[in-house]
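Notes for the one structure printed next.
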Amino acid sequence: QTVVELRQLSHVYVNGRGATLALEQIDLQVEQGEFVSLIGPSGCGKTTLLSLISGLLLPTEGTVLIAGERIKRPTPKVGYMLQQDYLFPWRTIYENAAIGLELTGKEEAAYKPLVLELLSDMGLADCADSYPQQLSGGMRQRVALVRTLATEPDILLLDEPFSALDYQTKLQLEDLVAVTLRSRGKTAILVTHDITEAIAMSDRIIVLQPRPGRIRAEVEVPGNIR
Ligand code: ADP
Ligand code: ADP
């Protein structure tokens, strides 16, 4: 089943200095449960593509279909995890992880068990009452992932989630994140500069080229269990 479908997607940014064709005629289909990596040099449109899939940005031309429906605004079906964690320093780890649910106005009793379970899955059970500044960078990224997962999106967009981490932490997190997302049946689209990470994490690698951003190649990665 196709959960993300991009049809002839193009995007032009217009500002005081003129127009930039950031993406041109992108066609892409992502299946339920599939992990796809987007790689390519800076400026090839990776972040623009994630913004379009998330519904935060509307395409100049073409269509984004999420579970068969054309999206016009952000939808709870899609969770977007940014490169930087942006945790609130005055909120505990639990309160940071639960913020998306708090904003929906649901009763805390309805979501607290899920948030605690996700924190536990991410090895953060003992940190629920700590504050962000007491945690390492890798731990903070895990909190950011829990926050994204807590609203139960089917599709996760991850923009270089591990780029600020040291090598060992990065390897551990790649593993933990892949296992957690796959065991929950999530679909993931990951932006990375790191080809090793793309191979370790995904079923398919989409290589983009810049000026304008286009799909240069698609490579299947065998052996990452789906
Ligand atoms: P990355 O390589 O991680 O995408 P960039 O440094 O290219 O990061 O972009 C950082 C931010 O600046 C993004 O929010 C992007 O939308 C914005 N940006 C990038 N290029 C331009 C530009 N030419 N004019 C205005 N904003 C830009
Ligand atoms: P990547 O994430 O692969 O580095 P981006 O999606 O950030 O690429 O950018 C694609 C192109 O669009 C680049 O040429 C960039 O300068 C341009 N761009 C990105 N954001 C903006 C913006 N807000 N305004 C103008 N140009 C932008």
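The values are calculated or read from the model by the stated rules, or taken from the named source; none is laboratory data. None of these values were measured; they are calculated from a predicted model. Neighbour counts run over all protein chains shown; Cβ positions are idealised from the backbone, glycine included. Accessible surface areas use protein heavy atoms only, side chains included; no ligands, DNA or RNA. Shrake-Rupley method; radii C 1.70, N 1.55, O 1.52, S 1.80 Å.
Under the condition of being open to solvent by less than 10 Å² (accessible area, probe 1.4 Å) and near ligand 2 (Cβ under 9 Å from one of its atoms), which residue from the range 49-65 is nearest to the chain's Cα centre (by Cα)?
Leu50
So which pairs qualify, if the first residue must be in the range 110-123 and of a type in the set (Asp, Glu), the second must be surrounded by 19 or more Cβ atoms within 10 Å (Cβ to Cβ), the Cβ gap must be under 9 Å, and the two must be at least 6 apart or on different chains?
The qualifying pairs are Asp121/Val146; Asp121/Leu149.
Can you tell me which residues in the range 13-25 are on the phi < 0 side of the Ramachandran plot, more than 9 Å from ligand 2 (Cβ to nearest atom) and assigned to a strand (DSSP E or B)?
Across the range 13-25, the qualifying residue is only Glu24.
Per-residue answers, yes or no, for (1) closer than 30 Å to Cys127 by Cα; (2) without any contact (Cβ under 8 Å) to a residue 24 or more places away in the chain; (3) assigned to a strand (DSSP E or B):
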position: Leu6; (1), (2), (3): no, no, yes
position: Asp27; (1), (2), (3): no, no, yes
position: Leu49; (1), (2), (3): no, no, no
position: Ile53; (1), (2), (3): no, no, no
position: Leu58; (1), (2), (3): no, yes, no
position: Val64; (1), (2), (3): no, no, yes
position: Tyr86; (1), (2), (3): yes, no, no
position: Trp90; (1), (2), (3): yes, no, no
position: Glu95; (1), (2), (3): yes, yes, no
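Within the range 174-225, count every residue that is of a type outside the set (S, T, N, Q), within 16 Å of ligand 2 (Cβ to nearest atom) and either in a helix (DSSP H, G or I) or in contact (Cβ under 8 Å) with a residue 24 or more places away in the chain (or both).
The qualifying residues number 19.
For Gly16, all conditions in the list (1) open to solvent by 70 Å² or more (accessible area, probe 1.4 Å); (2) more than 10 Å from ligand 1 (Cβ to nearest atom) hold save one; what is the number of the exception?
Every condition holds for Gly16 apart from (2).
In the range 135-144, how many residues are open to solvent by less than 20 Å² (accessible area, probe 1.4 Å), part of a helix (DSSP H, G or I) and over 12 Å from Val115 (Cβ atoms)?
3
Report whether or not Ser37 is buried (at least 16 other Cβ atoms within 10 Å of the Cβ) and closer than 20 Å to Ala188 by Cα.
yes
Considering only residues that are farther than 18 Å from Leu103 by Cβ and either small (Gly, Ala, Ser) or assigned to a strand (DSSP E or B) (or both), look in the range 145-173 and name the one that is nearest to ligand 2 (Cβ to nearest atom).
Per the criteria, the residue is Asp159.
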